[in-house]
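Enquirer: I'd like to ask some things about the structure below.
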Amino acid sequence: MTRTRPGNGILFSSIASIPTWRSYHSLRRQSRFFRIPYGSSKRSSVFTGSKPFSPVMEWQDCTVKMELDVPISVAYNCYSDREAIPRWMPFISSVKILEDKPDISQWSLKYEAFGRDIEFSWLARNMQPTPNQKIHWRSLEGLPNRGAVRFYPKGPSSCIVELTVSYEVPQILVPVASVSFLTVFGCYASHQAGAPQIT
């Protein structure tokens, strides 16, 4: 498990009556923020109104694999463009690469659960990649996670992409990781390559 410095934690944003995560960007409502500290087995309760909300945290391991009708170089370049990831990964709201440290990026994730928008943020370091073969990373602080994307040639105009991610999240966010990520990524990569989209 990735350890974080004392005082770091997950950022929660409670926003009333927001229909979808996409509409969050166009609204300017007053938000309440809470932090759940890491580094101890005892979690703090988060109070929303009169009832406490104590999310149960657990590590999730997710591996998905998909064949894409794009050259391996196109798939690799698309996944390497971290700041473009929110275009095809619906729960990631933003990725910003640090100007002075290009291997480190700030990530934000938004997800609606029980009528509230929940927000997570974390810093991640990209490890040394293997061009057209492997991209991997680990979080430095915030939401603990680590993962790798591997690319396997299938032919001159197709490849297999395998995504493996491990992360610690509340149980309500377990459905966030699924094969649908790679499906949307495949459509995005196909568009970038000018190829027919995956159906």
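Enquirer: What order do you get for 70-83, 124-137 when each peptide is scored by the mean count of other beta carbon atoms within 10 Å, highest first? Numbers along the way, then the final one.
Expert: On the way: 70-83: 18.6, 124-137: 15.6.
Top to bottom by mean Cβ count within 10 Å: 70-83, 124-137.
Enquirer: List the pairs from Lys96/Lys134; Lys96/Lys154; Lys110/Lys154; Lys110/Lys134 whose alpha-carbon separation is above 24 Å, in the order I gave them. Each step should come with its number before you reach the end.
Expert: Values: Lys96/Lys134 21 Å; Lys96/Lys154 32 Å; Lys110/Lys154 34 Å; Lys110/Lys134 27 Å.
Among Lys96/Lys134; Lys96/Lys154; Lys110/Lys154; Lys110/Lys134, the Cα-Cα distance tops 24 Å for Lys96/Lys154; Lys110/Lys154; Lys110/Lys134.
Enquirer: Could you check the spin-label model distance between Met66 and Phe114? Points 7 Å from the Cα along Cα→Cβ, value in nm.
Expert: So the two model labels end up 3.0 nm from each other.
Enquirer: Extending each Cα 7 Å along its Cβ direction at Trp59 and Ser157, get the distance between those two points in nm, one decimal.
Expert: Each label point lies 7 Å from its Cα, and together they span 4.3 nm.
Enquirer: Which distance in nm do the two modelled labels at Ala84 and Glu99 give, with both placed 7 Å along the Cα-to-Cβ direction?
Expert: Reported label-point gap for Ala84 and Glu99 is 2.3 nm.
Enquirer: Around Glu162, with a cut-off of 11 angstrom between Cβ atoms, what is the net charge of the other residues, counting Lys and Arg +1 and Asp and Glu -1?
Expert: Computed value for this residue: +2.
Where a number appears in this text, it was derived from the coordinates with a stated rule and is not lab data. Bear in mind the structure is a predicted one, so any value in this text is a computation, not a measurement. Using ideal geometry, Cβ is built from the backbone for each residue, glycine included, and neighbour counts are taken over all protein chains shown.
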